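The values are calculated or read from the model by the stated rules, or taken from the named source; none is laboratory data. Source: prediction; values computed, not measured. Neighbour counts are summed over all protein chains in view; Cβ atoms, including those assigned to glycine, are modelled from backbone coordinates with ideal geometry.
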Amino acid sequence: MSIKTAVINGVATLEIARPDKKNALSLAMYQDLANGIRSANGDPAVRAILLTGQPGIFTSGNDLEDFMSRPPPGPDSPILAFMTALLDCDKPVVAAVTGAAIGIGTTMLLHCDLVYVSDEARLAMPFTSLGLVAEFASSLVVPRLMGHARAAEKLLLGDPFTGAEAVECGIANAVLPPDEVLRYARRMAERFNTLPPGAVRDTKRLLRRADRQAIHDAIAAENALFASRLRSPEAVEAFQAFFQKRPPDFSKFN
Ligand code: COA
């Protein structure tokens, strides 16, 4: 099982646990994450959800083998189910970013409520270098958070950035030493045990209200392009290069 779930002291923890593949997210893992969020959201014993990874790796993002071999994500895709569950979750979602957070590993943080990052973590949204495009409203939320110029470095060039920069540009709340990030994030999640859940739920909804429609519109526009780009020769070259452990060659494309 690559997603471990546990409810302890009011906090439902969803732990990504596939260290041999750097916590790459397979379709089954997305479905487990979606189910885990939905079930925690409906469980009266749960006040907050904690998303975490393994020491040194939060997630290396989508399983690139799935990208190569499976059909493009449609309306019944587990990836969409996971992100929809995250976007629709009434309860606070806290992320403990224990290490590298790549692709959807960074994108999902944009839709969490509190984000704590290991000071050794690197975040990245290298979609263009994979022949892909931004996903799940990152093309909207990232420039809103940090302005167009810095968003272009992250989304057009795919430049990685540190936990400290994630805090500075508003993606994360705090940077912590690697062996403290999970404990700290859990402590913050447990704070919701002492707050009135109805007020927390309504405030979360209000915080997200103004952007809700724009986020759904952005996701629809991104998904249409993402699905066709997944089959593009540029993406095929990028995926093959990754598994052949060589740099991709985009020189023949125009
Ligand atoms: N999908 C599928 N397999 C992945 C993966 C992914 N996203 N990320 C890592 N793996 C696999 C590697 O193929 C390798 O498998 P192998 O041992 O069978 O060869 C194993 O996990 C270890 O990865 P490796 O690249 O050797 O580890 P590293 O420590 O040198 O680098 C990363 C770690 C995360 C920086 C690197 O694996 C990486 O860049 N992964 C791809 C990130 C990415 O592009 N994600 C998609 C974003 S949309």
Hey, among the residues in region 222-246 that are part of a helix (DSSP H, G or I) and among the charged types (D, E, K, R), which one's surrounded by the most Cβ atoms within 10 Å (Cβ to Cβ)?
-> Glu222
State all residues of region 180-190 that are in contact (Cβ under 8 Å) with a residue 24 or more places away in the chain and surrounded by fewer than 17 Cβ atoms within 10 Å (Cβ to Cβ); if no residue qualifies, say none.
-> Tyr184
Test Phe82 against the criterion of being under 22 Å from Leu123 (Cβ atoms), in contact with a Leu (Cβ under 6 Å, 6 or more places away or on another chain) and not acidic (Asp, Glu), and give yes or no.
-> yes
Residue pairs within 7 Å by beta carbon, gap of at least six or interchain, first lying in region 137-164 and closer than 18 Å to Ala121 by Cβ, second of a type in the set (Phe, Trp, Tyr), listed first then second, are Lys154/Phe161; Gly158/Phe127
Quick one: count up the residues across region 18-43 that are part of a loop (DSSP other than H, G, I, E, B) and either in contact (Cβ under 8 Å) with a residue 60 or more places away in the chain or under 14 Å from Asn62 (Cα atoms) (or both).
-> 5
So which of Phe67, Phe82 is more than 13 Å from the ligand (Cβ to nearest atom), over 24 Å from Tyr184 (Cα atoms) and among the aromatic types (Phe, Trp, Tyr)?
-> Phe82
Of all the residues that make up region 184-208, how many are at pLDDT 95 or above and either within 20 Å of the chain's Cα centre (by Cα) or under 18 Å from Asp76 (Cα atoms) (or both)?
-> 8
So, in region 19-37, of the ones that are within 15 Å of the ligand (Cβ to nearest atom), surrounded by 20 or more Cβ atoms within 10 Å (Cβ to Cβ) and among the aliphatic types (A, V, I, L, M), which residue ends up nearest to Asp76 (Cα to Cα)?
-> Met29
So how many residues does region 117-158 have that are crowded, with 22+ Cβ neighbours inside 10 Å, more than 10 Å from the ligand (Cβ to nearest atom) and under 18 Å from Phe58 (Cα atoms)?
-> 4
Of the residues in region 56-78, those that are in contact with a strand residue (DSSP E or B) (Cβ under 7 Å, 6 or more places away or on another chain) and not aromatic (Phe, Trp, Tyr) number 7
Which residue pairs have Cβ atoms closer than 7 Å, lie 6 or more positions apart in sequence or on different chains, and pair a first residue in region 92-116 that is within 16 Å of the ligand (Cβ to nearest atom) with a second residue that is of a type in the set (Asp, Glu)?
-> Gly99/Glu120; Ile104/Glu135; Thr107/Glu135
Out of the residues in region 44-81 that are under 22 Å from Ala12 (Cα atoms) and among the hydroxyl-bearing types (Ser, Thr, Tyr), state the one that is surrounded by the most Cβ atoms within 10 Å (Cβ to Cβ).
-> Thr59
Enumeration of residues in region 1-17 that are in contact (Cβ under 8 Å) with a residue 40 or more places away in the chain and under 25 Å from Arg122 (Cα atoms) = Thr13, Ile16
Condition met for Ile215 (in a helix (DSSP H, G or I), within 16 Å of the ligand (Cβ to nearest atom), modelled with pLDDT of 95 or more and within 30 Å of Asp43 (Cα to Cα)) | no
